[in-house]
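The values are calculated or read from the model by the stated rules, or taken from the named source; none is laboratory data. Note that this is a predicted model, so its numbers are computed, not measured. Please note: Cβ atoms are built from the backbone with ideal geometry, for glycine as well, and neighbour counts cover all protein chains shown. Surface accessibility is based on the protein's heavy atoms, side chains included, excluding ligands, DNA and RNA. Shrake-Rupley method; radii C 1.70, N 1.55, O 1.52, S 1.80 Å.
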Amino acid sequence: MKKFLYITDQDEYTDHSFIGAFFEKYLGKYFDTNILYFSQFKSDFEKKDEQRFILPFKLKKNLLDELSKNGIDIDSYDYIVVRNDFDILKHILKRKIKHNYKAGFRLSFPKRAAKLQEDEINNKKSIFDVIGNSIKTITETNLVNECDIFIPTSKFIKEDFFPNVNTKTFIIPPSIDPEVLHENVQHVEDFKRFFYAGTLDKLRSFETILEAFSEINSNQFRLCISTKDPEYAKKMLSKFPNLTNCVEIYNAKTKDELLSLIAKADIGLSILPSIAIFNSSTPVKILDYYSSAIPCIMTNNKNNQELFEDDKQAWFCNFDKESIKHKLEQIITLSKEEVAKVGIEGQKRLLDIRNYDKIAKNFALELDLL
């Protein structure tokens, strides 16, 4: 069996639900896979099990040598893929010929572009930032073109942020693990439970959604929010006193805790401003919602339109107060059965086209052709 090494940019204690599902479980059917994580706390290399390695951050500059020192045979790998970190990619490409492996680069999200967008909203972006970003993009594009394969999360990320990449490309989007589906727990109350999972900041303009909720002429809803910064959420909510009794704020510490909360909801929220960094890929929260067959209101963009049919498998909405309010009011009038049907249809759709098991099989076939 051929060997595959996936070098993450993640700490050993962060949520690894995507990596575990795709690279360990499903790609592991076709290749002997190893995953490398990093640690800010450990001082020595650790072999966690037969698949997972942990390396101290301070040693990542020469990570292949560090792995070799600890008994890992670099020559045994047929494929080495790097996630997001261009410094590590540069190191891997330099050693590519010596060890005779195929090199790949995984881009999960355009973080620098997101930072630029956030700085623009906060009036912190300068012309030097724009020039610097352009220069870095050219350098990074050249590195990706030295790879044997480029693995972005969507075709839109490549088109919008790395249009000059010409190496072989294989899309691995956020998807559903067909073996980890959660039952939708139907509550007995008549009102609709809306759920938002994720970051709250100026870039996401969540206040626009709160404004829409605050103007709904009905009390037949509840809004549940799970975020890492509940104090920020409470501060934002304080501007809408009429929502005080309609909103519940949570801070789910683990993925399982989050999915348990989602399973008790009726409708997920993933309405984001229509900007390139949000329109270029599918938010993971959408997959979390549909893993429990929770239908979702989402931004009306090309990426989502390729996934779902409006009013059948999801609900599309423009990002402005009136559009959001209208869509919320429309959904509140639906029966529970009508809402649940949209969730079931959406989950079926994702299991067909966004299924880790199927994507891993196709990815393995693609690697064998390199």
Positions within segment 326-370 being open to solvent by 20 Å² or more (accessible area, probe 1.4 Å), out of contact with any Ser or Thr (no Cβ under 8 Å at 6 or more places or on another chain) and among the β-branched types (Val, Ile, Thr), in sequence order: Thr333, Ile344, Ile353
If you check Ile277 against the conditions, is it part of a helix (DSSP H, G or I), open to solvent by less than 10 Å² (accessible area, probe 1.4 Å) and at pLDDT below 90? yes
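Mind checking whether some residue in segment 115-126 is of a type in the set (Val, Ile, Thr), modelled with pLDDT of 90 or more and closer than 29 Å to Ile262 by Cβ?
From segment 115-126, those of a type in the set (Val, Ile, Thr) are 121; that's our starting set.
From the residues that got through so far, the ones that are modelled with pLDDT of 90 or more too are none.
The answer is no; no qualifying residue exists.
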Quick one: count up the residues across segment 154-173 that are assigned to a loop (DSSP other than H, G, I, E, B), open to solvent by less than 50 Å² (accessible area, probe 1.4 Å) and either under 21 Å from Phe23 (Cα atoms) or not β-branched (Val, Ile, Thr) (or both). 5
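Quick check on this structure: which one of Glu257, Glu248, Glu215, Glu231 is in contact with a helix residue (DSSP H, G or I) (Cβ under 6 Å, 6 or more places away or on another chain) and over 22 Å from Lys111 (Cα atoms)? So that I can check it myself, show each step before the final result.
Details: Glu257 fails: in contact with a helix residue (DSSP H, G or I) (Cβ under 6 Å, 6 or more places away or on another chain); Glu248 fails: in contact with a helix residue (DSSP H, G or I) (Cβ under 6 Å, 6 or more places away or on another chain); Glu231 fails: in contact with a helix residue (DSSP H, G or I) (Cβ under 6 Å, 6 or more places away or on another chain).
Step by step, each of Glu257, Glu248, Glu215, Glu231 is checked, and only Glu215 is in contact with a helix residue (DSSP H, G or I) (Cβ under 6 Å, 6 or more places away or on another chain) and over 22 Å from Lys111 (Cα atoms).
Can you tell me which of Ile80, Ile127, Ile97, Ile88 is over 25 Å from Leu36 (Cα atoms) and assigned by the TED database to the domain that holds Arg52?
Details: Ile80 fails: over 25 Å from Leu36 (Cα atoms); Ile97 fails: over 25 Å from Leu36 (Cα atoms); Ile88 fails: over 25 Å from Leu36 (Cα atoms).
That would be Ile127, the only listed residue that is over 25 Å from Leu36 (Cα atoms) and assigned by the TED database to the domain that holds Arg52.
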Would you check if there is a residue in segment 80-90 being over 13 Å from Asp9 (Cα atoms) and touching a Lys or Arg at 6+ places or on another chain (Cβ under 7 Å)? no
If you take the residues in segment 48-76 that are in contact with a strand residue (DSSP E or B) (Cβ under 7 Å, 6 or more places away or on another chain) and of a type in the set (S, T, N, Q), which one is least open to solvent (accessible area, probe 1.4 Å)? Ser76
Pairs only if they're at least six apart or on different chains, beta carbon under 8 angstrom, first in segment 254-265 and assigned to a loop (DSSP other than H, G, I, E, B), second among the hydrophobic types (A, V, I, L, M, F, W, C); list them, first residue then second. Ala263/Val185; Ala263/Ile294; Lys264/Val185; Ala265/Phe194; Ala265/Phe195; Ala265/Cys224; Ala265/Ile294
Which residue pairs have Cβ atoms closer than 6 Å, lie 6 or more positions apart in sequence or on different chains, and pair a first residue in segment 212-238 that is more than 21 Å from Leu258 (Cα to Cα) and in the same structural domain as Gly268 (by the TED database) with a second residue that is open to solvent by 80 Å² or more (accessible area, probe 1.4 Å) and part of a helix (DSSP H, G or I)? Ser214/Asn242
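Keeping to segment 81-128, report how many residues are open to solvent by less than 60 Å² (accessible area, probe 1.4 Å) and part of a helix (DSSP H, G or I).
Residues of segment 81-128 open to solvent by less than 60 Å² (accessible area, probe 1.4 Å): 81-86, 88-89, 91-93, 95-96, 99, 101, 103-108, 110, 113-114, 116-117, 119, 122, 126.
If we keep only those that are part of a helix (DSSP H, G or I) as well, we get 86, 88-89, 91-93, 96, 99, 113-114, 116-117, 119.
Number of matching residues: 13.
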If you go through segment 301-325 one residue at a time, how many are in a loop (DSSP other than H, G, I, E, B) and either surrounded by fewer than 18 Cβ atoms within 10 Å (Cβ to Cβ) or without any contact (Cβ under 8 Å) to a residue 12 or more places away in the chain (or both)? 5
Picking from Asp266, Asp160, the residue that is of a type outside the set (A, V, I, L, M) and not assigned by the TED database to the domain that holds Asn133 would be Asp266
Out of Thr208, Thr169, Thr153, sole residue that is more than 28 Å from Arg83 (Cβ to Cβ) and either within 22 Å of the chain's Cα centre (by Cα) or assigned by the TED database to the domain that holds Asn251 (or both): Thr208
Which residue pairs have Cβ atoms closer than 8 Å, lie 6 or more positions apart in sequence or on different chains, and pair a first residue in segment 187-205 that is open to solvent by 30 Å² or more (accessible area, probe 1.4 Å) with a second residue that is assigned to a loop (DSSP other than H, G, I, E, B) and hydrophobic (A, V, I, L, M, F, W, C)? Arg193/Ala265; Arg204/Leu272; Ser205/Phe319
